[in-house]
Amino acid sequence: MKILSRHIIRQHIGPFLFGLFIITLIFLLNLVFKELNKILSKGLDFWVVLEFFALNLAWIVALAVPMAVLMSCLMAFGQLSADNEITAMKSSGISLYRVVLPVLLSAAALTIFLIWFNNYVLPDSNHRLRLLARDITMKRPTVNLEPGYLYEDLPDVSIRVEGLKEKQGFSEIEDVLIFDRSDPNVNRTIVAKNGNIYVDKKSGLFQVTLYDGEIHDVTKDKLNQYTFIKFPKYVMTIPIPDMVLKRRDSNYRGDREQSAAMMRKEIEENNKLIETRRANLQKYIELQVSRYFPEKISPDTLASVHPILPAHIKKSLRYKHNLERQLRIARNVRLRIKAEHDVNHSYELTNKKLLVEIHKKYSIPFACIVFVLIGAPLGIMAHRGNMAVGGGISMVFFIVYWIFLIGGEELADRNMLSPFLSMWLANIIVGGFGVYLFVRTVKEVSVINFGALAKLLPKQLRWKNNEDS
C-alpha cells in the first residue's frame, strides 16, 4: 500500500507543478498588461520593477495553489482511469477511498501550509506592495523630450528642442527654446543653438548646458526695462521633486495586510469602543433627563419670579417654557443618539469586514481539500488525463467557486449574510457536490455523461474516444 500511495502521489506532482506554473503565468501576464506601461513610464530601476512583481506573487500563489490542486487531480486521476489502473486497483479489492486518501492527506498538508502563508507571509507582502505602489504613484516620470514639442513637466520651466540625439549618459540638443518662470516678477526666455542635457536619477537634478545663446528678460512691473544678454556657455540646474523614488514607511495596515490574530485584536478593541460609547451615551441621556426634566415649578416660585403677572398667565408661561425646553432637549438628545448610532454602526461594519478576511484566510486554503473531493471523481469519470480536459473542467469549477466567494463577500459587506457563511458557502456547496460525486463514483453509478457533453463542443475541441464516457 505504501508503494501504491507513492505511485499516486508521483502521478500528481507533475500536473500540480505544471498547473501551478500555468496559472501563475496567467495571473502575471494579466498583471503585466495592466501595470507594466504605467510602471515603465516612471523610469524605475529594473530591481524596483522586479520587486513590484515579486511582491504580487504572494497573493497569486495563495490563489493558484488550490487551482493547481484541482487541475492535478483531474489530470492524474483521469490518466489513471484512462490507463485502467483504477480498474486494476478495484479488481484487487482496493477501495477508491483508499486510493484518494494519500491525495487528501497531501491536500491537508497544503491547506496547513497556506494557512501559515496567509497569516505570516501574505500580510507583510501586501503591506510592502501597497507602500511600493504608493511611492511609485508619487514618483515623477523621467524627462522625455520630443523634438518640435514644448515640454512642460519641469517645475517653473518649459523647454522645446528641434533636434535631439541620445548619447551615452547625456543627450545632445539643437535649436533650444526655454521659458524660465522661476522668478515670478521676470519673464525670461533663453535661446541657444545647441547644448547638452544630463539627468541625474540619483539626485533628481536636471542639468542643461547651452552654447552660443541669448537671454531675454522682461520685468513684469517695469515693462520698459528689457535685458538682453549673449553668452557662449550657460548652465541651468533644475531640481525635480520626486523624480527619485522615495521609499516611505507606514504603520497603518489594512484588512488584507494583517494576520488573523491582528484582526481579532482590532475587533476586540472596536467592541470595547462600542461598549464605551454606549455607556457614555446612557450616562448622557440620564444626565439630560435629570437636569432638564425636574419636578414641576411651584406657583409660589413662579410668582416670586414674575410678581406683576396674574396667576393664570404665570401658569401658562410656566408650561410653555417647560414644553419648549423639553422639545429642545429631546431634539438634542435624539441627534446625539443618531450620531452615536452612526459611529457604532461604522465600527460594526469594520468588524464584519475583518471577520470576512479572517474566514477567507482559512476558507481558500481549505479549497485544496474541496477540490480533491470534486477533482478525483470527475477525473475518474472523464477517463482523460490530458491538459484540455483538466483545464476545461477546472475552469468551470474555478468560475463557480469564485462566483460564490465574491458574491458571498458582497452579501456580507451589505449585511445580508454572516461573515462565516459568506466565505465558507463556496466550500460547502462545491464540497458537498464533490462528496456526492465521489460516493456515486465508488458505487459505480453514472452521474455525468461526458459523451453527451463532448457533442456540445465544436469538432476541433472534441477528443477522440472509442469508449463510452
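Side notes on the structure shown:
- Global form of the range 150-239, assessed from the alpha-carbon gyration tensor, a/c cut-off 1.5: prolate
- Of the residues Leu44, Leu150, the one with the fewest other Cβ atoms within 10 Å heads the list, and the complete ranking is Leu150, Leu44.
- Put in line by how crowded their Cβ is, counting other Cβ atoms within 10 Å and starting with the fewest, Trp402, Trp47, Trp59, Trp424 read Trp47, Trp402, Trp59, Trp424.
- Near Ala261: Cβ cut-off under 14 Å, other residues only, Lys/Arg at +1 and Asp/Glu at -1. The net charge is -3.
- Each residue in Tyr436, Tyr362, Tyr401 was given a count of other beta-carbon atoms within 10 angstrom of its own, and listing them fewest first yields Tyr436, Tyr362, Tyr401.
- Derived scalar couplings ³J(HN,Hα) [the range 409-421; Karplus, 6.51 cos²θ - 1.76 cosθ + 1.60; whole Hz; x for Gly, Pro]: 5, 5, 5, 5, 5, 8, 6, 9, 8, 5, x, 5, 5
Laboratory data are not the source of any read-out in this text; all were calculated from the coordinates shown. Please read these numbers as outputs of a predicted model, since none were measured by experiment. Neighbour counts run over all protein chains shown; Cβ positions are idealised from the backbone, glycine included.
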